[in-house]
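Accompanying notes for the structure given below.
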Amino acid sequence: MSARFPVRCSSSELYSRMLSILERLVGFDTTSHKSNLELINYVQGLLSSNNIDSTLHWNDERTKANLVATAGPRSGGQRGIIWSGHTDVVPVDGQKWTADPFTLRVTDGQAIGRGTADMKGFIACCLAILSQVDHEALTVPVTLLLTYEEEVGCVGARRLVPEMQTWADDSIGCVVGEPTGMKVVIGHKGKQNYRIRFKGEPKHAALAPEMPNPIVSASELAAFAQSLNEQFQSEGPHDQRFSIDHSWINIGRIDGGVKPNIVPDNCLMELEIRAVPGHDCDGIADELRRFAAESLLAKMKKKSQLADISVEQLSDTPSFAIDESHAFVDLVRSAFGEEEPPEYVPFGTEAGLIWGKAGVPAVVCGPGFISQAHTADESVPLEQLKLCLSRLQQLPLA
Ligand SMILES: [Zn+2]
């Protein structure tokens, strides 16, 4: 039922084209806090050389952009099959690379460089195909979606949710190309990061009994979080699809005070909530907020009106879960000839926004392995890139 994907070159030409595109992509230092516009301009040029128009969706400062480009028939504004990837990469600071992270090396069956696994390898495969597709001959549109700042909490994709909601009825579904070893993944936990600042007044330690102590308040919040963790562990909600089958709050950083003879005037805490699908991160955060305001701050204020607790959300990656029997999951799995049961992964992706918030069916499937992502000498096996190129062309076209 599926026609051959109409590309204008042989598969070996497509493969070498993909590698040269990957070399260019890795060469753009798109660490999340930097601009991605050079990369976006390059992609726009590549697509327009094959008569594919792209639309940019900017951040407020116009330093970063999401890109949306559709090849093939566009009657009724259809998006068809969507291939989605983030353009940003994590920092290389403090990592011991054996060569320049932003110069692609191809050796021993691996492509090495920052972002090769996460997830410029996937984007290079998409671009190699789209830059060679005879898009007049495509029977179903193919849309490329590139986003910014995924690594700091899906910032770019979140901005695009209202736009993506308009695609829900006009698309078949979306492949999010995060590294899964090309296995079809249908779920992951949600995650939110928070920074909480506790404020008091600096005083001589002799006056400590009369003063609020921000470090003590922070540790009380940590103990409360731990009591919630024990409740999640024993009472759930449980989701057996994950090896750790319940939600958890990780206290990741605590920092405050100066020395023993001074009552501290501040303490900073950073924590991460990881929740199974169906267990709302917002709800867990609300419980922490309520305890901080009603129990801790109320107590602190009795001793000093300067006392304060502020809670700042640093990132929000919603959980993702699509039914194993959903038509799009079935379509991708049968196109890829996958017989093993679909998988669940421990890391977050944009699929939770694309499916959960925008209503566009999604799976996560891309070349490379998460164990290689974010590491020094990050790499993707060349075999995985080859597999990705052929799998993307196997998605049904009619
Ligand atoms: Zn990623």
*Tally, over the stretch 126-183, of residues that are within 16 Å of the ligand (Cβ to nearest atom), part of a strand (DSSP E or B) and either farther than 18 Å from residue 36 by Cα or not assigned by TED's automatic domain parsing to the domain that holds residue 31 (or both)*: 3
*Matching residues, the stretch 105-119, being assigned to a loop (DSSP other than H, G, I, E, B), in contact (Cβ under 8 Å) with a residue 24 or more places away in the chain and away from the ligand (no atom under 16 Å from the Cβ)*: 109
*Conditions (1) within 16 Å of the ligand (Cβ to nearest atom); (2) more than 27 Å from residue 390 (Cβ to Cβ): number failed by residue 204*: (1)
*Picking from 14, 25, 37, 67, which residue would you name as being out of contact with any helix residue (DSSP H, G or I) (no Cβ under 8 Å at 6 or more places or on another chain), at negative phi and aliphatic (A, V, I, L, M)?*
37
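Here are 337, 352, 366, 348: which of them is open to solvent by less than 10 Å² (accessible area, probe 1.4 Å) and assigned to a loop (DSSP other than H, G, I, E, B)? Even if it seems obvious, please write down each step before you answer.
Details: 337 fails: open to solvent by less than 10 Å² (accessible area, probe 1.4 Å); 352 fails: assigned to a loop (DSSP other than H, G, I, E, B); 348 fails: open to solvent by less than 10 Å² (accessible area, probe 1.4 Å).
Every option except 366 fails the conditions.
Kindly establish whether residue 357 is closer than 30 Å to residue 198 by Cβ, among the basic types (Lys, Arg) and open to solvent by 10 Å² or more (accessible area, probe 1.4 Å). Walk me through it before giving the result.
Details: closer than 30 Å to residue 198 by Cβ: no; among the basic types (Lys, Arg): yes; open to solvent by 10 Å² or more (accessible area, probe 1.4 Å): yes.
So residue 357 fails the test.
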_So residue 279 ticks every box in (1) modelled with pLDDT under 95; (2) open to solvent by less than 10 Å² (accessible area, probe 1.4 Å) but one. Which box is left unticked?_
(2)
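Would you pick out the residues in the stretch 184-194 that are part of a strand (DSSP E or B) and more than 15 Å from the ligand (Cβ to nearest atom)?
From the stretch 184-194, those part of a strand (DSSP E or B) are 185-188, 190-194; that's our starting set.
Those that are part of a strand (DSSP E or B) and more than 15 Å from the ligand (Cβ to nearest atom): 186, 187, 190, 192, 193, 194.
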*Give 95, 110 a once-over and let me know the one that is open to solvent by 10 Å² or more (accessible area, probe 1.4 Å) and either within 21 Å of residue 366 (Cα to Cα) or among the hydroxyl-bearing types (Ser, Thr, Tyr) (or both).*
110
*Scan 122, 102 and give me the residue that is modelled with pLDDT of 95 or more and in a helix (DSSP H, G or I).*
122
*Specify which of the listed residues (232, 224) is farther than 30 Å from residue 69 by Cα, in contact with a helix residue (DSSP H, G or I) (Cβ under 7 Å, 6 or more places away or on another chain) and either away from the ligand (no atom under 16 Å from the Cβ) or at pLDDT 95 or above (or both).*
224
*Candidate set: the stretch 235-274, residues that are of a type in the set (Gly, Ala, Ser) and in a loop (DSSP other than H, G, I, E, B); chosen: the one surrounded by the most Cβ atoms within 10 Å (Cβ to Cβ)*: 247
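Residue-wise test of (1) in contact with a helix residue (DSSP H, G or I) (Cβ under 7 Å, 6 or more places away or on another chain); (2) outside the structural domain of residue 243 (by TED's automatic domain parsing); (3) within 16 Å of the ligand (Cβ to nearest atom).
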position	(1), (2), (3)
335	no, yes, no
338	no, yes, no
357	yes, yes, no
366	yes, yes, yes
370	no, yes, yes
377	no, yes, no
384	no, yes, yes
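Can you tell me how many residues within the stretch 369-398 are in a loop (DSSP other than H, G, I, E, B), over 19 Å from the mean Cα position of the chain (by Cα) and crowded, with 19+ Cβ neighbours inside 10 Å?
Of the stretch 369-398, the ones in a loop (DSSP other than H, G, I, E, B) are 369-378, 393-398.
Still in the list and also over 19 Å from the mean Cα position of the chain (by Cα): 376-377, 393-398.
Retained after the next criterion (residues that are crowded, with 19+ Cβ neighbours inside 10 Å): 393, 395, 397.
Adding up the residues that qualify gives 3.
I'd like the full set of residues that are among the polar types (S, T, N, Q) and over 22 Å from residue 384 (Cα atoms), limited to the stretch 111-142. So that I can check it myself, show each step before the final result.
Going residue by residue through the stretch 111-142, those that are among the polar types (S, T, N, Q) are 116, 131-132, 139.
Within the stretch 111-142, 139 is the sole residue that qualifies.
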*Collect the residues in the stretch 340-355 that are more than 16 Å from the ligand (Cβ to nearest atom) and at pLDDT below 95, keeping them in residue-number order.*
340, 341, 342, 343, 344
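The values are calculated or read from the model by the stated rules, or taken from the named source; none is laboratory data. For clarity, every value in this text was computed on a predicted model and none was experimentally measured. Here Cβ is always computed from backbone atoms with ideal geometry, including for glycine, and neighbour counts include all displayed protein chains. Accessible surface is based on the protein model in full, side chains and every heavy atom, while ligands, DNA and RNA are left aside. Shrake-Rupley method; radii C 1.70, N 1.55, O 1.52, S 1.80 Å.
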